[in-house]
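The values are calculated or read from the model by the stated rules, or taken from the named source; none is laboratory data. Not measured: the values here are computed from a predicted model. Glycine also receives a Cβ, built like all others from the backbone with ideal geometry; neighbour counts cover every protein chain displayed.
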Amino acid sequence: MSLLSDHGLSLEQIADLVGHAGTTVTGTVYRHQLRPVLLDGATAMDRIFGTVPVTQES
């Protein structure tokens, strides 16, 4: 499964492939491998959209 994740398959696609009814078990079992993929995706989104600081309004 780690090779599939490394090559861009989503958590949902991997869950379907291995026969899980949802993504909970897949995420739990393969979290160690999927975490870097998710972090890479989040970093890419930050580069695309920029980081918006959160401010409190009075």
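Can you spot a residue in the stretch 34-49 that is at pLDDT below 75, in contact with an Asp or Glu (Cβ under 9 Å, 6 or more places away or on another chain), surrounded by 15 or more Cβ atoms within 10 Å (Cβ to Cβ) and β-branched (Val, Ile, Thr)?
yes
Which of the residues belonging to the stretch 11-27 are loosely packed, with under 15 Cβ neighbours inside 10 Å and either modelled with pLDDT under 80 or among the small types (Gly, Ala, Ser) (or both)?
GLY19, ALA21, GLY22
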